[in-house]
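Step one of this worksheet: look at the structure below.
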Amino acid sequence: MALDFGYGISKPRTIDLDRNEFYKGNAVLGKMPELQSCIGCGSCTATCTAGALTDFNFRRLHTLIRRGEFKGIYDEINKCMLCGKCRLTCPRGINTRGVVQLIKRNMGYLQPE
Amino acid sequence: MTKRILIIGGGIAGMRSAVSLADAGLHPVVIEREAVLGGKVRNWHALFPTFTPAAGIVEELRAAVAARGIEVLTGCTAVRFDARRVELADGRTIEGDAAILASGFTLFDAGIKEEYGYGLYEHVYTSADIERMLLAGTLPTVNGAAPRRIAFLHCVGSRDEKVCQKHCSRVCCITGVKQAMELKQRFPGAEIFNFYMDIRMFGPGYEELYREAQLRSNIHFIRGRISEAAPTFDGRIQIKAEDTLTGRPLRMSVDLLVLLVGMRANDDNAALAASAGLETAPSGFLAPRDLFLGNIRSSVEGIFYAGTITAPKTIGETLNEAVAAAEAVAAYLKNR
């Protein structure tokens with residue numbers, strides 16, 4: 001058994017696009033290319049019902065998925081209550097609620113259509 | 001006797017002013033430093049947001065200048081001037097009745113931003129290099145193969161106090177979108193990433209082109225400024241930035257890095273301004289009398305401005321100013 005010295009090596013926080021895989025993000029973008037037109041305004045997150053009560057941040061979440069970062073995505077995406085307010089407020093006309101469901105499908109949390 | 005107007009600069013602004021002045025029955029004299037007319041647009045391939053060939057605009061203006069028999073002095077550098085005369089570097093003095101300063105801008109030297117490795121590493125290019133390569137049909141390959149990853153960096157030499165360029169050069173954002181689409185078209189298999197601080201799509205059709213780049217060309221826009229570029233062992237370029245929308249540092253290696261260089265004031269603006277008693281703005285560009293009804297007028301009687309001598313501008317804005325300056329000159333000379 002390894003001794004616990006009370007400290008360890010932190011994993012780098014850097015998003016390494018040379019190692020990350022894009023196929024899950026591309027699968028979402030393939031179905032809803034308008035997600036690529038997100039300008040990061042944060043309207044979705046500002047109006048989010050789940051975000052009012054938890055640290056759920058849809059803008060950050062889908063950006064991380066498009067960068068190939070999936071750690072903790074399962075817990076995060078399940079905070080969404082699918083109320084759809086974000087879709088009403090998006091200035092780029094992105095079907096954000098649909099994106100949430102696509103993310104769930106492509107992460108294997110929902111059965112494929 | 002026909003009134004003579006001295007036009008310093010034979011780019012699109014100088015040529016367009018000359019054509020309008022000749023049509024008004026006046027005698028323009030175009031003084032151009034280079035051996036041929038056309039200025040910076042001469043080295044550009046296609047123009048945003050419509051991908052219109054730049055050569056067509058230069059050719060049409062050159063033909064209009066030639067058809068009117070306009071007096072053109074090429075290979076002549078103006079060193080001092082006022083409303084009535086221009087002194088050339090070769091010692092000659094050209095006399096006239098009014099002057100239009102249309103000597104344009106200078107491209108920012110990307111080598112000054114050493115952290116991006118321009119001139120140090122292979123496959124770091126400026127937006128101007130890309131236009132020249134598109135014109136010549138010699139786009140860069142990596143070991144003979146098409147590049148797989150390309151990064152564009154916005155705001156190189158713009159909005160940067162470290163290199164004394166505090167202003168926004170305006171046209172680089174849309175140029176970055178345009179060139180990303182052009183490279184994607186030529187290298188369909190390449191992933192293209194644009195690193196930006198802000199995306200400023202101020203003109204008609206610009207926002208639409210930006211959207212098309214995102215939706216159709218699948219260009220990735222990452223909000224964050226590249227902090228440094230370094231060569232990798234296999235001859236690629238590693239870049240580092242913050243992905244500010246996720247709040248995480250980000251790094252990747254690319255085959256090509258394109259630096260979208262800004263427009264800065266000419267080095268000789270200060271000397272020309274001092275010789276004529278003109279005012280310069282803190283940016284080093286010439287200061288027009290005001291930004292509204294006097295936007296092509298200087299603070300000195302008989303001296304007018306056209307184009308990017310006063311600030312970074314698009315080609316359309318430059319051509320409009322050239323016409324407005326010609327009209328103002330004609331009105332000024334009528335009363336004399």
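The values are calculated or read from the model by the stated rules, or taken from the named source; none is laboratory data. From a predicted model like this one, the values you see are computed outputs, not experimental measurements. As a convention, Cβ positions derive from the backbone with ideal geometry for all residues, glycine included, and neighbour counts pool all protein chains shown.
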Legend entry - In segment A:46-60, the residues that are surrounded by fewer than 17 Cβ atoms within 10 Å (Cβ to Cβ) and more than 26 Å from residue A:12 (Cβ to Cβ): A:46, A:49, A:52, A:53, A:54
Legend entry - Selection count, segment B:100-144, where residues are farther than 30 Å from residue B:303 by Cβ and in a helix (DSSP H, G or I): 15
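Among the residues of segment A:89-99, is there at least one that is away from chain B (no Cβ under 14 Å), under 27 Å from residue B:211 (Cβ atoms), free of Cβ contacts under 8 Å to residues at least 40 places away in the same chain and not small (Gly, Ala, Ser)?
Checking segment A:89-99: at least one residue is away from chain B (no Cβ under 14 Å), under 27 Å from residue B:211 (Cβ atoms), free of Cβ contacts under 8 Å to residues at least 40 places away in the same chain and not small (Gly, Ala, Ser).
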Inset, instruction - Kindly establish whether residue B:299 is among the polar types (S, T, N, Q), more than 16 Å from the chain's Cα centre (by Cα), surrounded by fewer than 22 Cβ atoms within 10 Å (Cβ to Cβ) and not in a loop (DSSP other than H, G, I, E, B). - result: no
Legend entry - Close pairs from segment B:24-41: first free of Cβ contacts under 8 Å to residues at least 12 places away in the same chain, partner surrounded by 18 or more Cβ atoms within 10 Å (Cβ to Cβ) and not in a loop (DSSP other than H, G, I, E, B), Cβ under 7 Å, at least 6 apart: none
Inset, instruction - Would you mind finding the one in B:316, B:284, B:262, B:277 that is away from chain A (no Cβ under 14 Å), closer than 25 Å to residue B:154 by Cα, surrounded by fewer than 18 Cβ atoms within 10 Å (Cβ to Cβ) and not basic (Lys, Arg)? - result: B:316
Legend entry - Sole exception among (1) farther than 19 Å from residue A:98 by Cα; (2) modelled with pLDDT of 95 or more for residue A:53, by number: (2)
Inset, instruction - Among the residues of segment B:177-225, write down those that are within 14 Å of chain A (Cβ to nearest Cβ), within 15 Å of residue B:256 (Cβ to Cβ) and surrounded by fewer than 17 Cβ atoms within 10 Å (Cβ to Cβ). - result: B:189
Inset, instruction - Residues being of a type in the set (Gly, Ala, Ser), within 10 Å of another protein chain (Cβ to nearest Cβ) and farther than 18 Å from residue A:69 by Cα: count how many of those fall in segment A:33-47. - result: 2
Inset, instruction - Go through segment A:61-88 and give me each residue that's crowded, with 19+ Cβ neighbours inside 10 Å, closer than 24 Å to residue B:210 by Cβ and within 14 Å of chain B (Cβ to nearest Cβ). - result: A:61, A:62, A:63, A:64, A:65, A:66, A:67
Inset, instruction - Please tell me if residue A:25 is modelled with pLDDT under 95 and either surrounded by 15 or more Cβ atoms within 10 Å (Cβ to Cβ) or within 12 Å of another protein chain (Cβ to nearest Cβ) (or both). - result: yes
Inset, instruction - Please specify each residue of segment B:236-247 satisfying the condition of being crowded, with 18+ Cβ neighbours inside 10 Å and either without any contact (Cβ under 8 Å) to a residue 60 or more places away in the chain or under 16 Å from residue B:220 (Cα atoms) (or both). - result: B:239, B:241, B:242, B:243, B:245, B:246
Inset, instruction - Check off (1) within 17 Å of residue A:100 (Cβ to Cβ); (2) surrounded by 14 or more Cβ atoms within 10 Å (Cβ to Cβ); (3) within 13 Å of chain B (Cβ to nearest Cβ) for residue A:30 and give me the number that stays unchecked. - result: (2)
Legend entry - Residue that is farther than 17 Å from residue B:143 by Cβ and in contact with a helix residue (DSSP H, G or I) (Cβ under 9 Å, 6 or more places away or on another chain), where the choices are B:241, B:229: B:229
Inset, instruction - Might you check whether a residue that is surrounded by 13 or more Cβ atoms within 10 Å (Cβ to Cβ), closer than 21 Å to residue B:330 by Cβ and acidic (Asp, Glu) occurs anywhere in segment B:70-87? - result: yes
Inset, instruction - Name, by its number, the condition in (1) under 20 Å from the mean Cα position of the chain (by Cα); (2) surrounded by 17 or more Cβ atoms within 10 Å (Cβ to Cβ) that does not hold for residue B:151. - result: (1)
Inset, instruction - Specify the residue that is nearest to residue A:41 (Cα to Cα); the eligible residues are those in segment B:226-250 that are assigned to a strand (DSSP E or B) and either more than 9 Å from chain A (Cβ to nearest Cβ) or touching a Cys at 6+ places or on another chain (Cβ under 8 Å) (or both). - result: B:242
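Rundown of residues vs (1) in contact with a His (Cβ under 7 Å, 6 or more places away or on another chain); (2) among the aromatic types (Phe, Trp, Tyr); (3) closer than 22 Å to residue B:330 by Cβ; (4) not assigned by TED's automatic domain parsing to the domain that holds residue B:140, yes/no style:
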site: B:240; (1), (2), (3), (4): no, no, no, no
site: B:244; (1), (2), (3), (4): no, no, no, no
site: B:277; (1), (2), (3), (4): no, no, no, yes
site: B:281; (1), (2), (3), (4): no, no, no, yes
site: B:292; (1), (2), (3), (4): no, yes, yes, yes
site: B:309; (1), (2), (3), (4): no, no, yes, yes
